[in-house]
Amino acid sequence: MAGWFLQRLLQAGFVVLAMTVIVFIGISVIGDPVAVLISPDADQAERLRAITAFGLDRPLWAQYLSFLNGALHGDLGRSFVYNEPALKIILQRMPATLELAVCAMLLATFIGIPLGLYAGLKPNAPLARVIMTGSILGFSLPGFWVGLLLIMVFAVQLGWLPSGGRGETRVFLGIGWSFLTLDGLQHLVLPALNLALFKISLVMRLVRAETREVVPQDFIRTARAKGLPEGKVIFRHLLKNIMIPVVTIIGLEFGSVIAFSVVTETIFAWPGMGKLIIDSIHVLDRPMIVAYLMIIVLMFVIINLLVDCLYTALDPRVRIGR
């Protein structure tokens, strides 16, 4: 176990290093941030001073080595716009995005798994057909349109929930959280639901497909033939065998929810990392963009590592050495 874990850590390190090269070069060749940050009426001397101050006069490889050296010491660059460390600004916005992503994946898990399980166990039932039709809608409807529709119905027409913002927060472990207050929960409902709709459909269809595959197998028939209650058959035998692909998808989709919550955060004015990166792209704030992408890469690597570790806990037949 220790050897395998060290090997996976080494692989993760190489992945992160490769991504630093790709991200840094990809961002550095796009646009001219000085043209955005400096007034068009500025003279050449002022432009040169800005280029020197931002370090853009150095060769690309020198800029990368400087970035890599800073990253190893926890410094991912200084924002052109905010004139503060990019990592500090991102970490300030991260709790809002994590809170939104966790709530969305909890909805996807606690709604998608039971519905998919029911649809797999009773595929011909009218409710199962309704569930699968709803999953198709969840896949098909664009997120930005659903978000605007949710705002129009629940915020504008009915007035039940607020249309945007994070609401009141309460500090816990030095971080402000919305779910600890009633006002914050009300602000959290719509963006979390909008972000979770696609994931609910994905988990639902995956669980249904796995259930339909496992139910006819011999060990399920044997368990039922022994007279075990249906609940034990489902929770002790069926769920254990379908959870490996489900855990994989939930883990990977959690990373994608964090990375691609941009649209939801923009529509609902949620002050997270997604809205921050959109604002940074508009002004070509390169250090902020690079820092954001590196944080996302690191999150994906960590999530993949955790998912691999969960395999052996869920299924003893999975051997790490193989």
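The values are calculated or read from the model by the stated rules, or taken from the named source; none is laboratory data. These figures come from a predicted structure and were not determined experimentally. All Cβ positions, even for glycine, are placed from backbone atoms using ideal geometry, and neighbour counts span all protein chains on display. Please note that ligands, DNA and RNA were not included when accessible areas were found on the heavy atoms of the full protein model with its side chains. Shrake-Rupley method; radii C 1.70, N 1.55, O 1.52, S 1.80 Å.
When you look at LEU190, is it within 18 Å of LEU106 (Cα to Cα), open to solvent by less than 20 Å² (accessible area, probe 1.4 Å) and at pLDDT 85 or above, yes or no? Spelling it out, LEU190 is indeed within 18 Å of LEU106 (Cα to Cα), open to solvent by less than 20 Å² (accessible area, probe 1.4 Å) and at pLDDT 85 or above. The selection criterion, being touching a Pro at 6+ places or on another chain (Cβ under 7 Å) and free of Cβ contacts under 8 Å to residues at least 40 places away in the same chain, does not hold for GLN157. Taking every residue in the range 129-152 that is under 24 Å from GLY116 (Cα atoms) and pairing it with any residue that is of a type in the set (D, E, K, R), at least 6 positions away or on another chain, the pairs with Cβ-Cβ distances below 8 Å are MET132/ARG205; MET132/ARG208; SER135/ARG205. Hey, among the residues in the range 214-268 that are among the acidic types (Asp, Glu) and loosely packed, with under 13 Cβ neighbours inside 10 Å, which one's modelled with the lowest pLDDT? Among residues in the range 214-268 that are among the acidic types (Asp, Glu) and loosely packed, with under 13 Cβ neighbours inside 10 Å, the one modelled with the lowest pLDDT is GLU230.
Only a single item in (1) modelled with pLDDT of 70 or more; (2) under 22 Å from MET19 (Cα atoms); (3) of a type outside the set (Gly, Ala, Ser); (4) loosely packed, with under 11 Cβ neighbours inside 10 Å is not met by LEU60, and it is number (4).
Cβ separations smaller than 7 Å between residues 6+ apart or across chains give the following pairs from the range 279-297 residues that are over 18 Å from LEU72 (Cβ atoms) and in contact (Cβ under 8 Å) with a residue 24 or more places away in the chain to residues that are crowded, with 19+ Cβ neighbours inside 10 Å and among the hydroxyl-bearing types (Ser, Thr, Tyr): ASP285/SER79; MET288/SER79; MET288/SER280; ILE289/SER280.
Of the residues LEU115, LEU127, the single one that is open to solvent by 30 Å² or more (accessible area, probe 1.4 Å) and more than 30 Å from ILE267 (Cα to Cα) is LEU127. From the residues in the range 72-99 that are assigned to a helix (DSSP H, G or I) and either of a type in the set (Asp, Glu) or touching a Ser or Thr at 6+ places or on another chain (Cβ under 7 Å) (or both), which one is farthest from LEU195 (Cα to Cα)? The extreme case among them is ALA86.
For ILE151, the criteria (1) out of contact with any Ser or Thr (no Cβ under 6 Å at 6 or more places or on another chain); (2) closer than 28 Å to PRO95 by Cβ; (3) among the β-branched types (Val, Ile, Thr) hold in every case but one, which is (1). Considered as a group, the residues in the range 36-52 that are surrounded by fewer than 12 Cβ atoms within 10 Å (Cβ to Cβ) and part of a helix (DSSP H, G or I) include one that is modelled with the lowest pLDDT, and that residue is GLN44. Filtering the range 165-184 to residues that are outside any strand (DSSP E or B), touching a helix residue (DSSP H, G or I) at 6+ places or on another chain (Cβ under 8 Å) and either over 15 Å from GLU99 (Cα atoms) or open to solvent by 70 Å² or more (accessible area, probe 1.4 Å) (or both) leaves GLU168, PHE179.
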